[in-house]
Structure formats: structure tokens, C-alpha cells
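K.L.:
Let me give you the structure first, and then I'll get to my questions.
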Amino acid sequence: MVTFERIWKQFFIYSILLIALMTIAGFLSQWELEERLQGHLQKDALVFAKVVAKALPDSESPDLLDSFCRDYQEASGYRITIIDKDGRVIGESDKASVVTGAHLDRPEIQEALRTGVGTSSRYSDTLEVEMLYTALLLQEEGRIVRIAIPMDEVMAFQNEVMIFFALALYLSPVMAILVAFFCMRHSIREQQPHSQRLRS
């Protein structure tokens, strides 16, 4: 005979297992979503950097290069920076390049100088927002084209997805009740005498 104590014990175990599985699935999905979104953005930024590189003026004029960067920023919404191999900013879309500090110590620039392409994600003190940076080395020109994409829209989308998982997590006890009910019902029926099952 199945006792109520055993029934509640089974229900508690089923509920804990289901909530744990939902929590693990939520964290894994958040990590996978973030990785996929950043990978997609990095590919887009690299393609755009190559487009910018094709049209880049062969000039050292700060006014011309700043204007060039601003024009492409208006078309794309991305921040564009042109940097020489010494890390000096020679073109900037957000402010005048002549007042911008050296960028040689930036991780995406260091990686681009080593491998040709560099990426990093970090908080921008200039724009006060999380940014995804992609830098492309133009070996023959001795320049680096860096594309910076704000992550606020991506993070907003990611938060919406995580809200969905949070709701699913809060609803999981209800699912646990249903699962436990059917499992216990089956268990009770299996333990009933054969004659009793025939009468029912």
C-alpha cells in the first residue's frame, strides 16, 4: 500500500529534479545565446571593416579621415576608428581624432597586429556602454580599421529570452505537480491487487 508520506516524498523528488533541470537549461541557453549573438556580430563587423577598408582614402588628413568615418557611421550606426601601426588614431567617427589617445594597448589592436584580425568585448569609458570591438589589419597600408558595435540592443534581446526562461522556471512546480500526479497514479495502480483493478 502506498502511503501519503511516500507520495509526498516522490512529489518532492520529482519537483526538485525538474526545477534543477530547468535552471541548468536556462544557464546553458543563456551562454549559448550570448556566444552565438557575439559570433554573428563579429562576422558582420569584419565584413563591414573590409568594406570600409576598400573605400578608405589614401590620406593622412585628420579632417578627411574623421569625415570619412562619420559618413560610414551614419550609414551603419557603428563607431569607426582608423589607427596606424603605432597605435595613433588618425580617423575617428565619434570625436576628433587629434584629441583621441593612443590605442596600441587595446586587446583587439594587439591581436590584429599579431594575426590580422582582433576582437574584444568590454565597457567603453568614452561611450559609457558595453561594446564589441573588431579590428582589421591592412598590412600594405599600415593601418587598422576598427569597428565598435554597441551591445545594448543585443543585451536587451538576451534579457527578453532570459525572462522567458525565468517564467518557465517559476511554472516548473506546476509541471512538477502534474508529472508527480501521473507518476504516483501509475504507481498506485501497479500496487493495487489484481482483483481490485478488475473491479475498477
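Each value in this text was obtained by applying a stated rule to the coordinates, not by laboratory testing. Source: prediction; values computed, not measured. Heads up, the Cβs are rebuilt from the backbone with ideal geometry, glycines too, and the neighbour counts pull from every protein chain shown.
K.L.:
Every residue in the range 62-91 that is among the small types (Gly, Ala, Ser), in contact with a helix residue (DSSP H, G or I) (Cβ under 9 Å, 6 or more places away or on another chain) and assigned to a loop (DSSP other than H, G, I, E, B), please.
P.N.:
Start the filter on the range 62-91 by keeping residues that are among the small types (Gly, Ala, Ser), which leaves 67, 75-77, 87, 91.
Subsequent filtering for residues that are in contact with a helix residue (DSSP H, G or I) (Cβ under 9 Å, 6 or more places away or on another chain) retains 76, 87, 91.
Hit for the range 62-91 is 87, nothing else.
K.L.:
Against the definition (in contact with a Lys or Arg (Cβ under 6 Å, 6 or more places away or on another chain) and surrounded by 16 or more Cβ atoms within 10 Å (Cβ to Cβ)), how does residue 93 come out, yes or no? Reasoning before the result, please.
P.N.:
On the way: in contact with a Lys or Arg (Cβ under 6 Å, 6 or more places away or on another chain): yes; surrounded by 16 or more Cβ atoms within 10 Å (Cβ to Cβ): yes.
Here the answer is yes, as residue 93 does meet what is asked.
K.L.:
Applying the selection to the range 112-132, what residues are charged (D, E, K, R) and closer than 19 Å to residue 40 by Cα? Steps first, answer last, please.
P.N.:
Filtering the range 112-132 for residues charged (D, E, K, R) gives 114, 122, 125, 128, 130.
The answer is 122, 130.
K.L.:
Any residue in the range 108-129 that is without any contact (Cβ under 8 Å) to a residue 24 or more places away in the chain sitting within a Cβ distance under 7 Å of a residue that is surrounded by 13 or more Cβ atoms within 10 Å (Cβ to Cβ) and not in a helix (DSSP H, G or I)? List the pairs, counting only those 6 or more apart or interchain.
P.N.:
Pairs that qualify, where the first residue is without any contact (Cβ under 8 Å) to a residue 24 or more places away in the chain and the partner is surrounded by 13 or more Cβ atoms within 10 Å (Cβ to Cβ) and not in a helix (DSSP H, G or I), are 110/118; 116/137; 118/135; 120/133; 122/131; 123/130; 129/150.
K.L.:
Provide a single number: the residues in the range 92-115 that are closer than 19 Å to residue 149 by Cα, touching a helix residue (DSSP H, G or I) at 6+ places or on another chain (Cβ under 9 Å) and assigned to a helix (DSSP H, G or I).
P.N.:
1
K.L.:
Here's something else I'd like to know. State all residues of the range 44-61 that are in contact with a strand residue (DSSP E or B) (Cβ under 9 Å, 6 or more places away or on another chain) and in a helix (DSSP H, G or I); if no residue qualifies, say none.
P.N.:
Once the filter is applied, which keeps residues that are in contact with a strand residue (DSSP E or B) (Cβ under 9 Å, 6 or more places away or on another chain) and in a helix (DSSP H, G or I), the range 44-61 yields 44, 45, 46, 48, 49, 50, 52, 53.
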